[in-house]
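Undergrad: First the structure, which I've put down as structure tokens, then a few questions once you've had a look.
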Amino acid sequence: MALSMPKQVYPSRVKLWEPSLQKPTMSCDSGLVERNITGADPAKLTSMSVWLFYHFGDPADPEGMWDSGAVDPPEEEGRTFMQVLSEKYSPENFPYRRGPGMGVVVVPTLPQGSPMKDRLNLPSVLVLAGCGISHAGEQREIAAFCAHVMELDLSHNKLQDWHEISKIVSNIPNLDFLNLSSNPLSEVVLEPSGAKAFARVRRLVLNNTQVSWNTVLVLTREMPELEELFLCLNEYTTVSASTVPCPTLRLLHITDNNLQDWAEVRKIGPMFPGLETLVMSNCNLSSIQDSEEMLRRLFPNLRSINLHNSALNRWEDIEKLNQFPKLEDVRLQGIPLLQTYTNTERRSLMVSHLPSVSSLNGSVVTDGEREDSERFFIRYHVDYPEEELPYRYHCLVTKYGKLEPLAEIDLRPRCHAKVEVHCENKVAEVSIRLDQTVAELKKQLRTVVQLSANQMRLYYIDKECVFGPEEMKYHTRALHSYSIQDGDELLVVPKAGRGTTTTAKPLSNLNSKTLTPPP
């Protein structure tokens, strides 16, 4: 690392630290890293000596007499892959653990002056996200340490040179998964020779890298085993056609881009003829414009498609999804077409329009749900003019016939009832709550019959019952248990001893017979 400083900042009493005198130990973020600089070329270590002198002091000047304020610390530059690896997975910071993917890597004898330790505790899955990595470091050390590594996460670093990335990847022979998300790769050109290093990678993540589509094509041509590709948040508006297909790709995530035109999306089909899952939510796709025959050829193996938050606004576009011959899983939420419907209507209409789909928005479509949805579809369109009926309506009428609207039956428990209250020669219509008890009803009737609750006997008269009145003698019994309906009657009889007659006025439903309550 070159350190440029004005000559006048070094007083005559400053003594450069001689490399041969000490073997310094520097404190780093994730542990102690030994830097053996003994025996190195002093001319090449002058700037490093100044840096160590500045930060750790002069061994010959323990009193710290050097004016450190005269020199500003050097600006921090990107770190190498091997520097970060040696610090994070050193035995001090990452103790040895047994289990799948864990193990101690013993490094062969390295050249004199190598900063690497004798061993690191490396798992087969390395996570080095957000570590400031910008360069590969010594390739021999990468090969020595990482021969068993299968998954590597380098997201949120400072990698902006495909050549440096290729150095890392080419020295990890068993690498299966590589995550390069959020590295600044927008203006970097990848040569085909450099892409050959990725030949063994099966899963590649390039989210939020702004990597160009031409670079994507260079990679896919040189990756004969690629199965999963993630290209989210890369601001794509167009897609370049490829003359060399990638038949091994099964999963493509291309969400949060701006692929509004189906003419761009359709290029993906011939590029990845074996594609089974296409995830392109939040891409503002406005319509699906190809003919039925063309759609069948574009995505012959597609089984799952995610179009969440697209701009689809016609049922004709939804029906075109039926032309993908193997499609069985569809995710379609947040589209303008469905905003005016209720949740029940949305799902029933979608299920009816997609007869071959077995999973909608992550939920399995059962045979019972499909039949209910298709019957709902017929009844929903029963009042539409003939010229506005969708094609699917006629198909379902052929299957089920024309169905009449369902009768509306309210099965909710009643909360109120209007009853006639008879007391001596008085009759009053009263609305009562059916969730209250007999004792609470008596309190309500006090102002109606001018009797206190303990002075009245209460009878329920069901107008449709032939067995006569039923005394409501249990104070804690709820009124709804009597099945009281509008138009039923309540008879209030004053208790004996009040000085009034106990003979009630004849009631119509009692065939004008006089009711004489028991004494």
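The values are calculated or read from the model by the stated rules, or taken from the named source; none is laboratory data. Values in this document were obtained by computation on a predicted structure and should not be read as measured data. All Cβ positions, glycine included, derive from the backbone under ideal geometry; neighbour counts span all protein chains shown. These area figures cover heavy atoms from the full protein model, side chains too; ligands, DNA and RNA do not enter into them. Shrake-Rupley method; radii C 1.70, N 1.55, O 1.52, S 1.80 Å.
Undergrad: Pulled fully out, how much extra length does the chain show between SER363 and HIS480, if you take 0.36 nm times their separation in residues and subtract their Cα-Cα distance?
TA: Between SER363 and HIS480, full extension yields an extra 38.2 nm.
Undergrad: I would also like to ask the following. With a sphere of radius 9 Å drawn around the Cβ of ARG203, what net charge do the other residues whose Cβ falls strictly inside it have (Lys, Arg +1; Asp, Glu -1)?
TA: Net local charge, ARG203 excluded: -3.
Undergrad: If you don't mind, another one. Give me the number: length gained by fully extending ARG297 to HIS148, i.e. 0.36 nm times residue separation minus the C-alpha to C-alpha distance, one decimal in nm.
TA: 49.5 nm
Undergrad: Moving on to the next point. Between THR437 and THR243, what is the label-point separation in nm under the 7 Å Cα-to-beta-carbon projection?
TA: 9.0
Undergrad: Let me ask something else about it. What net charge is computed for the residues neighbouring MET223, neighbours being all others with C-beta under 15 Å from the C-beta of MET223, Lys and Arg scored +1, Asp and Glu -1?
TA: Charge balance in the 15 Å sphere: 0.
Undergrad: Along its principal axes, what span do the Cα atoms of segment 261-388 show, with the longest given first and each in whole Å?
TA: Principal-axis extents of segment 261-388 (Cα, largest first): 44, 28, 26 Å.
Undergrad: Based solely on C-alpha atoms, express the radius of gyration and the Dmax of segment 304-454 in angstrom.
TA: 26.1, 80
Undergrad: While we're on this one: Residues of segment 236-279 with amide nitrogen under 14 Å from the 7 Å Cα-to-Cβ point of SER287?
TA: Only 260-264 pass the distance filter.
Undergrad: In a shell of Cβ-Cβ distance under 14 Å around ASP367, excluding ASP367 itself, what net charge do Lys and Arg (+1) and Asp and Glu (-1) give?
TA: Neighbourhood net charge equals -1.
Undergrad: Probe 1.4 Å, all protein chains in place: accessible area of ASP410 in Å², nearest 10?
TA: Roll a 1.4 Å probe over it and ASP410 shows about 100 Å².
Undergrad: Taking a ≥ b ≥ c as the square roots of the eigenvalues of the Cα gyration tensor of segment 110-264, is the shape rounded (a/c under 1.5), prolate (a/b larger than b/c) or oblate?
TA: Prolate, since a/c reaches 1.5 and a/b exceeds b/c.
Undergrad: Right, here's the next one. For a quick check of your reading of the filter: which GluC sites (Glu not before Pro) in segment 179-281 sit in a DSSP loop and have no more than 15 other Cβ atoms within 10 Å?
TA: GLU187, GLU225, GLU235
Undergrad: So, for segment 391-489, what is the accessible surface per residue at a probe of 1.4 Å, expressed in square angstrom?
TA: 67
Undergrad: Let me ask something else about it. Roughly how much of TRP315 is accessible, in Å² to the nearest 10, using a 1.4 Å probe?
TA: The value for TRP315 is about 50 Å².
Undergrad: Can you tell me the relative contact order of segment 130-178? Whole percent, Cα pairs under 8 Å, sequence separation 6 or more.
TA: 52 percent.
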